[in-house]
């Protein structure tokens with residue numbers, strides 16, 4: 001990282017603006033409402049289990065994040081399983097190993113909590129993201145996600 005260090009820590013409610021800004025920088029549009037709902041679920045629930053992380057540079061600036069949830073019996077899935085539903089690294093900090101660091105810390109954190117399997121969804125046409133997850137030891141699931149447009 002060219003002389004810079006990265007610190008990974010549990011996400012806090014105060015990280016909201018930084019995460020929204022990173023996501024907007026990546027996508028070119030704001031998804032503030034999406035993150036308001038995510039943060040409400042993560043930090044407004046009495047059942048919150050900390051599973052989301054942020055990466056900070058040596059100045060304390062949030063430069064990346066990974067968000068996920070533990071299953072607690074939803075859809076017949078046991079608590080040994082979790083999802084990774086959102087990941088983002090500030091474009092100015094991409095290709096420096098921050099995404100890999102976040103994934104590794106996320107996996108280690110969940111493993112300590114008893115999780116044995118992590119699921120994520122990726123658009124079939126997003127070859128860059130598929131490559132990223134593949135390089136981080138994710139593989140296609142035996143479960144097929146079905147959809148129906150209406």
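The values are calculated or read from the model by the stated rules, or taken from the named source; none is laboratory data. In this text the structure is predicted, and so the values were computed from the model without any measurement. All Cβ positions, glycine included, derive from the backbone under ideal geometry; neighbour counts span all protein chains shown.
Here is how the numbers come out for the structure above:
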item: Criterion violated by residue 66 - all others in (1) under 16 Å from the mean Cα position of the chain (by Cα); (2) modelled with pLDDT under 95; (3) within 20 Å of residue 116 (Cβ to Cβ) satisfied; result: (2)
item: Residue count for the range 101-141, restricted to those that are farther than 26 Å from residue 49 by Cβ and assigned to a loop (DSSP other than H, G, I, E, B); result: 5
item: Filtered residues of the range 48-63 (kept if modelled with pLDDT of 95 or more and exposed (fewer than 15 other Cβ atoms within 10 Å of the Cβ)); result: 61
item: Considering residues of the range 17-47 that are touching a helix residue (DSSP H, G or I) at 6+ places or on another chain (Cβ under 6 Å) and within 20 Å of residue 82 (Cα to Cα) only, the residue modelled with the highest pLDDT; result: 35
item: Only one of 85, 123 that is in contact with a helix residue (DSSP H, G or I) (Cβ under 9 Å, 6 or more places away or on another chain), surrounded by fewer than 16 Cβ atoms within 10 Å (Cβ to Cβ) and either under 12 Å from residue 70 (Cα atoms) or at pLDDT 95 or above (or both); result: 85
item: Search result, residues across the range 93-117 that are surrounded by fewer than 17 Cβ atoms within 10 Å (Cβ to Cβ) and without any contact (Cβ under 8 Å) to a residue 60 or more places away in the chain; result: 94, 95, 100, 104, 108, 111, 112, 114, 116, 117
